[in-house]
Amino acid sequence: MSGASGHYEKRLSDLDGLYLDDAAHKALLSEKGDVVVYEVGDFRPSAVAGDMIFGLTRMVPGLVGEEFFLTRGHIHANADRPEVYYGQKGHGLMQLESPEGETRIVEIAPQTVCYVPPFWIHRSVNTGSEELVMMFAYPADSGQDYGIIERSGGMRHRVMRNGQNGWRLVDNAAYKPRARAVVDALMRAAA
Ligand SMILES: O=P(O)(O)OC[C@H]1O[C@H](O)[C@H](O)[C@@H](O)[C@@H]1O
Ligand SMILES: [Fe+2]
């Protein structure tokens with residue numbers, strides 16, 4: 001991507017506490033060091049509602065124990081803002097979770113489009129053996145809210161290895177569903 005105005009990256013240590021297997025996370029950290037696990041380059045023309053931020057995400061492949069490498073995940077701070085992703089390289093998936101706790105998975109490969117509707121929490125997961133590269137675009141006034149995942153003890157499901165090349169969803173035992181009032185407040189804030 002040329003002309004990027006913003007760049008940020010996350011290292012293995014930044015994702016401490018997100019994976020099921022804490023010991024595996026620590027072991028990987030001491031084995032590989034604090035390597036970059038994903039990076040984002042974006043272009044932000046402005047922060048005005050009608051404008052659009054777009055860019056590229058590149059995720060390294062890997063497993064923490066049996067769990068695939070993931071992004072931190074978020075809901076948009078202005079929760080009714082959508083997003084679109086376009087797969088460029090590698091294989092992965094978008095893990096989507098509604099405020100009510102429904103999970104939907106969209107598999108991403110080169111030349112596939114993933115639409116993230118308003119109000120859906122989203123996290124990318126690299127289920128492949130090479131890097132996962134996706135283009136994305138979302139309204140410039142969306143913002144990111146990470147607290148919604150923290151307060152519920154993570155997302156409802158974890159994406160784990162299944163055999164040699166597959167993946168499967170496993171319940172996150174620490175997950176606490178959001179109360180109806182919390183969901184209603186989220187919807188009201190956007191109305
Ligand atoms: O913000 P994270 O959950 O760490 O995900 C990393 C990035 O994923 C996507 O590419 C989004 O469009 C970015 O806005 C986001 O920052
Ligand atoms: Fe987003």
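The values are calculated or read from the model by the stated rules, or taken from the named source; none is laboratory data. The model shown is predicted, which means the values in this text are computed figures rather than measured ones. Here Cβ is always computed from backbone atoms with ideal geometry, including for glycine, and neighbour counts include all displayed protein chains.
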Identify, please: which residue in the stretch 97-126 is within 13 Å of ligand 1 (Cβ to nearest atom) and among the aliphatic types (A, V, I, L, M) and is, among those, farthest from the chain's Cα centre (by Cα)?
108
Output for the stretch 128-167, where each listed residue is more than 16 Å from ligand 1 (Cβ to nearest atom), more than 30 Å from residue 183 (Cα to Cα) and at pLDDT 95 or above:
128, 129, 130, 161, 162, 166
Looking only at strands (runs of 3 or more DSSP E) that lie completely in the stretch 85-174, which have at least 1 residues being without any contact (Cβ under 8 Å) to a residue 60 or more places away in the chain?
92-97, 103-108, 113-116, 121-126, 157-162, 166-171
Hey, could you check the stretch 22-41 for residues that are touching a strand residue (DSSP E or B) at 6+ places or on another chain (Cβ under 8 Å) and surrounded by 15 or more Cβ atoms within 10 Å (Cβ to Cβ) and say which is nearest to residue 154 (Cα to Cα)?
25
Mind counting the residues in the stretch 51-85 that are away from ligand 1 (no atom under 11 Å from the Cβ) and under 26 Å from residue 165 (Cα atoms)?
10
Determine, yes or no, whether residue 106 is under 20 Å from residue 137 (Cβ atoms) and aliphatic (A, V, I, L, M).
yes
Taking the options 184, 145, name whichever one is among the acidic types (Asp, Glu) and more than 13 Å from ligand 2 (Cβ to nearest atom).
184
Just checking, does the stretch 66-80 include any residue being modelled with pLDDT of 95 or more, away from ligand 2 (no atom under 16 Å from the Cβ), among the β-branched types (Val, Ile, Thr) and surrounded by 14 or more Cβ atoms within 10 Å (Cβ to Cβ)?
no
Output the residues belonging to the stretch 24-45 that are touching a residue at least 24 places away in the same chain (Cβ under 8 Å) and over 23 Å from residue 56 (Cα atoms).
24, 25, 28
Of all residues in the stretch 22-50 being within 16 Å of ligand 1 (Cβ to nearest atom) and of a type in the set (Ser, Thr, Tyr), which is farthest from the chain's Cα centre (by Cα)?
46
Residues (surrounded by fewer than 19 Cβ atoms within 10 Å (Cβ to Cβ) and within 14 Å of ligand 2 (Cβ to nearest atom)) located in the stretch 122-135:
135
